[in-house]
Amino acid sequence: MTDRDTGQLSRDDLFQTVAFLIALTATLGALFIGEVLGQMPCTLCWYQRIAMFPLVPILGLSLWRGDGMVRHYALPLVLAGLALAGGHSGLYLGLIPEVIAPCTKDGPSCSGPAQIILGLPIPYLSLAAFAAILVCLILPKGTRA
């Protein structure tokens, strides 16, 4: 929604728009990596996709409808994705032994050089995306009329 006096986006809407664009970019990036580049995701990447993909319609529809309840819908998915991406990043860093993580059990490993996008490993990009969306959802403290 816009501020009626100035015609500008409210602070809540600005942060929600940024969160939507991050989720959309992450979703399109994951689809590009899988469908165009042909890189099959590992099990942990699949789980992170399960948390990220629904955020696009949730954030987009909530923004379009002016629904101030988006935090209630999106935060559980964001927190689950953040936990998964954090664990996945820990696995990539070697902080978590691979024997207890399902990264290579049913799919390819995310530790290969082909899994580097824009100079960063895919688990780090996922962690950054979920963290940025979380910040966008918790920063605005205003309420909608």
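General remarks:
- When nucleic acids and ligands are ignored and a 1.4 Å probe is applied, ASP67 ends up with an accessible area of around 40 Å².
- FRET E, pair LEU118, ASP67, Förster distance 35 Å, beta-carbon r, rounded to 0.05: 0.60
- For region 67-72, 3J(HN,Hα) computed residue by residue from phi via the Karplus equation (6.51, -1.76, 1.60; θ = phi - 60°) reads 7, x, 9, 4, 4, 5 Hz, glycine and proline entered as x.
- Whole-number accessible area per residue in Å² for region 38-94, which is evaluated in the context of all protein chains at 1.4 Å: 49
- With a simple spin-label model that places each label point 7 Å from the Cα along the Cα-to-Cβ direction, the separation between ALA128 and PHE32 comes to 1.4 nm.
- The trypsin sites (Lys or Arg not before Pro) of region 7-91 include none that DSSP puts in a loop with a beta carbon having at most 13 other beta carbons within 10 Å.
The values are calculated or read from the model by the stated rules, or taken from the named source; none is laboratory data. On a predicted model such as this, the values are computed, not experimentally measured, just so you know. In this analysis, Cβ positions are derived from the backbone assuming ideal geometry, glycine residues included, and neighbour counts consider all displayed protein chains. All accessible areas refer to the heavy atoms of the entire protein, side chains included, with ligands and DNA or RNA removed. Shrake-Rupley method; radii C 1.70, N 1.55, O 1.52, S 1.80 Å.
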